[in-house]
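My questions all concern the structure below.
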Amino acid sequence: MKAAIDAPESLLCLMGPTTSGKSAAALALARHMPIEIVSVDSALIYRGMDIGTAKPSPAERTAVPHHLIDLIDPAGTYSAARFVHDADAAIAAIRARGNVPLLTGGTMLYFKALRDGLDDMPSSDLAVRAQIEREAADEGWAAMHRKLSAVDADSAARLAPLDAQRISRALEVWRSSGQTLSSLQRLRHADGMPVRPLIALSLEPSDRSVLHARIAMRLDAMLAAGFVDEVIALKRRGDLHERMPSMRCVGYRQVWDYLDGRSDTETMREHAIAATRQLAKRQITWLRSMPDRIVVDCLEDDAAERVVAVALEMAGVAD
């Protein structure tokens with residue numbers, strides 16, 4: 001395993017569900033290796049969304065260079081294809097400086113795009129997407145999920161009935177191209193080998209209930225730090241709405257509903273915690289599909305130190 005990080009096609013990745021301590025472990029590793037962090041997080045790309053995304057602090061970003069953070073305005077759109085392009089550019093620049101890129105985050109679709117390459121997907125059709133959103137506003141996303149099931153049962157089976165963003169995309173692909181999303185989601189290589197191997201260090205909980213407690217504690221800290229005020233400022237802009245990808249981020253959607261009078265403070269908190277738990281569950285399920293990952297129990301007091309030890313061993317570095 002030693003010197004695996006030196007393989008030019010390999011990418012050192014630090015994965016894990018939300019609140020598993022990825023940022024702390026990455027900063028600990030930076031004290032032992034010349035790393036620069038490449039964010040693999042679909043929420044950190046948005047400017048002005050700091051508290052609810054647990055964005056690294058200015059001090060942390062000064063201590064260790066971070067990339068792919070604050071890329072676009074919340075009214076903008078981003079894709080897995082653009083992420084791969086941006087990540088490749090950041091990785092090449094980091095290596096040119098003689099440093100080690102560390103890809104850190106919890107957006108598993110982005111990790112998959114890096115590992116497996118991109119499928120030949122139809123481009124977005126804004127008119128079709130707008131029609132789908134109008135139907136969803138009238139009928140609800142559970143009904144749209146049933147419509148998807150009728151034309152693409154495989155995709156529907158993988159998606160929760162209220163997963164608006166992914167249901168919308170699957171229906172958009174079908175209506176704009178006549179092909180199902182599931183039929184297009186194939187690996188680039190027929191032999192099933194990844195385009196790029198990932199050296200995956202994964203922080204995972206040995207006790208899910210403790211992770212749930214961490215999720216609640218972090219949300220309460222966000223609320224105390226002014227999370228609601230952050231969403232109020234975004235809402236006051238007037239050019240954002242709750243169906244945009246940025247406002248669908250976990251936590252933001254629930255606070256937006258609260259500000260629109262669809263919930264009270266306690267209900268908003270409960271819904272945000274539940275949504276974050278569901279996110280963590282999906283992340284863990286994806287991680288468990290990777291048999292080659294190296295698992296570190298994120299609940300151990302020395303989890304960050306264990307990540308450092310494994311990474312140094314892989315790099316053949318004596319600490």
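The values are calculated or read from the model by the stated rules, or taken from the named source; none is laboratory data. Bear in mind that the values here come from a model prediction, so they are computed numbers and not experimental data. Note that each Cβ is placed from the backbone with ideal geometry, even for glycine, and that neighbours are counted across all protein chains shown. Just the protein is used for accessible areas: all its heavy atoms, side chains included, with ligands, DNA and RNA removed. Shrake-Rupley method; radii C 1.70, N 1.55, O 1.52, S 1.80 Å.
Among Leu68, Leu14, Leu103, which is the only one that is over 17 Å from Ala311 (Cα atoms) and buried (at least 18 other Cβ atoms within 10 Å of the Cβ)? Don't jump to the end; show me each part of the working.
Numbers: Leu14 fails: over 17 Å from Ala311 (Cα atoms); Leu103 fails: over 17 Å from Ala311 (Cα atoms).
Every option except Leu68 fails the conditions.
For segment 171-195, enumerate the residues that are open to solvent by less than 70 Å² (accessible area, probe 1.4 Å) and either at pLDDT below 75 or of a type in the set (A, V, I, L, M) (or both).
Start the filter on segment 171-195 by keeping residues that are open to solvent by less than 70 Å² (accessible area, probe 1.4 Å), which leaves 171-173, 176-178, 180-184, 187, 192, 194-195.
Scanning segment 171-195 gives Leu171, Val173, Leu181, Ser183, Leu184, Leu187, Gly192, Pro194, Val195.
Report yes if Ala160 is in contact (Cβ under 8 Å) with a residue 12 or more places away in the chain, out of contact with any strand residue (DSSP E or B) (no Cβ under 7 Å at 6 or more places or on another chain), not in a helix (DSSP H, G or I) and not hydroxyl-bearing (Ser, Thr, Tyr), otherwise no. Reasoning before the result, please.
Numbers: in contact (Cβ under 8 Å) with a residue 12 or more places away in the chain: yes; out of contact with any strand residue (DSSP E or B) (no Cβ under 7 Å at 6 or more places or on another chain): yes; not in a helix (DSSP H, G or I): yes; not hydroxyl-bearing (Ser, Thr, Tyr): yes.
Criteria met by Ala160.
Name the residue that is modelled with the lowest pLDDT, counting only residues in segment 122-153 that are open to solvent by less than 60 Å² (accessible area, probe 1.4 Å) and outside any helix (DSSP H, G or I).
Result: Pro122.
Let me ask something additional. Give the number of residues within segment 271-315 that are over 20 Å from Val210 (Cα atoms) and part of a loop (DSSP other than H, G, I, E, B).
5
Now for a separate question. Tell me the residue from Arg214, Arg208 that is surrounded by 17 or more Cβ atoms within 10 Å (Cβ to Cβ), at pLDDT 90 or above and either among the small types (Gly, Ala, Ser) or out of contact with any strand residue (DSSP E or B) (no Cβ under 9 Å at 6 or more places or on another chain) (or both), please. Explain how you work it out, then say what you get.
Numbers: Arg208 fails: surrounded by 17 or more Cβ atoms within 10 Å (Cβ to Cβ).
Exactly one of Arg214, Arg208 is surrounded by 17 or more Cβ atoms within 10 Å (Cβ to Cβ), at pLDDT 90 or above and either among the small types (Gly, Ala, Ser) or out of contact with any strand residue (DSSP E or B) (no Cβ under 9 Å at 6 or more places or on another chain) (or both), namely Arg214.
Exactly one condition in (1) under 23 Å from Trp286 (Cα atoms); (2) open to solvent by 60 Å² or more (accessible area, probe 1.4 Å); (3) among the basic types (Lys, Arg) is false for Arg61; which is it?
Unmet for Arg61, out of (1) under 23 Å from Trp286 (Cα atoms); (2) open to solvent by 60 Å² or more (accessible area, probe 1.4 Å); (3) among the basic types (Lys, Arg): (1).
Moving to a separate point now. In segment 38-61, what residues are within 20 Å of Thr77 (Cα to Cα) and among the basic types (Lys, Arg)?
Arg47, Lys55
Could we say that Thr77 is crowded, with 18+ Cβ neighbours inside 10 Å and under 17 Å from the mean Cα position of the chain (by Cα) here?
Answer is no for this residue.
Out of the residues in segment 28-59 meeting the condition of being under 20 Å from the mean Cα position of the chain (by Cα) and without any contact (Cβ under 8 Å) to a residue 40 or more places away in the chain, tell me which one is farthest from Met108 (Cα to Cα). Please lay out each step first, then the result.
Start the filter on segment 28-59 by keeping residues that are under 20 Å from the mean Cα position of the chain (by Cα), which leaves 36-57.
Subsequent filtering for residues that are without any contact (Cβ under 8 Å) to a residue 40 or more places away in the chain retains 45, 47, 55-57.
Details: Ile45: 15, Arg47: 21, Lys55: 18, Pro56: 19, Ser57: 23 Å.
Here the residue is Ser57.
Now, a different point. Tally up the residues in segment 113-131 that are within 24 Å of the chain's Cα centre (by Cα) and free of Cβ contacts under 8 Å to residues at least 40 places away in the same chain, please. Show your work before the answer.
Step one: filter segment 113-131 for residues within 24 Å of the chain's Cα centre (by Cα), giving 113-126, 129.
Filter again for free of Cβ contacts under 8 Å to residues at least 40 places away in the same chain, leaving 113, 123, 126.
Total meeting the criteria: 3.
Filter segment 232-252 for residues that are part of a loop (DSSP other than H, G, I, E, B) and either loosely packed, with under 15 Cβ neighbours inside 10 Å or touching a Gly at 6+ places or on another chain (Cβ under 6 Å) (or both) and give the result.
Looking only at segment 232-252, we keep the residues that are part of a loop (DSSP other than H, G, I, E, B), and these are 237-245, 249-251.
If the condition is that a residue be part of a loop (DSSP other than H, G, I, E, B) and either loosely packed, with under 15 Cβ neighbours inside 10 Å or touching a Gly at 6+ places or on another chain (Cβ under 6 Å) (or both), then Arg237, Gly238, Asp239, His241, Gly251 are the ones that fit.
Next question. Name the strands (runs of 3 or more DSSP E) wholly inside segment 1-118 in which the number of residues that are modelled with pLDDT under 95 and on the phi < 0 side of the Ramachandran plot is 2 or more. I'd like the intermediate steps shown before the answer.
Numbers: elements: 11-15, 35-39, 100-104.
Correct list: 11-15.
A quick yes/no check of all residues on (1) in contact (Cβ under 8 Å) with a residue 60 or more places away in the chain; (2) surrounded by fewer than 16 Cβ atoms within 10 Å (Cβ to Cβ):
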{"site": "Gln254", "(1), (2)": "no, no"}
{"site": "Arg277", "(1), (2)": "yes, no"}
{"site": "Thr285", "(1), (2)": "no, yes"}
{"site": "Asp302", "(1), (2)": "no, yes"}
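Just to be sure before I move on: is Arg134 of a type outside the set (Val, Ile, Thr) and under 23 Å from the mean Cα position of the chain (by Cα) in the structure I sent? Can you show your working first?
Values: of a type outside the set (Val, Ile, Thr): yes; under 23 Å from the mean Cα position of the chain (by Cα): no.
Spelling it out, it is not the case that Arg134 is of a type outside the set (Val, Ile, Thr) and under 23 Å from the mean Cα position of the chain (by Cα).
While we're here: Of all residues in segment 256-308, which are of a type in the set (Lys, Arg) and over 20 Å from Asp229 (Cα atoms)? Give the derivation first.
Pass one, segment 256-308, residues of a type in the set (Lys, Arg): 262, 269, 277, 281-282, 288, 293, 306.
Arg277, Lys281, Arg282, Arg288, Arg293, Arg306, listed by residue number.
So which pairs qualify, if the first residue must be in segment 231-250 and closer than 16 Å to Ala272 by Cα, the second must be surrounded by 13 or more Cβ atoms within 10 Å (Cβ to Cβ) and of a type in the set (Asp, Glu), the Cβ gap must be under 8 Å, and the two must be at least 6 apart or on different chains?
Close Cβ pairs (under 8 Å, with a partner that is surrounded by 13 or more Cβ atoms within 10 Å (Cβ to Cβ) and of a type in the set (Asp, Glu)) amount to Glu242/Asp257; Arg248/Glu242.
For segment 209-224, give me each residue that is without any contact (Cβ under 8 Å) to a residue 12 or more places away in the chain and farther than 24 Å from Met49 by Cβ.
Matches in segment 209-224: Ser209, Ala213.
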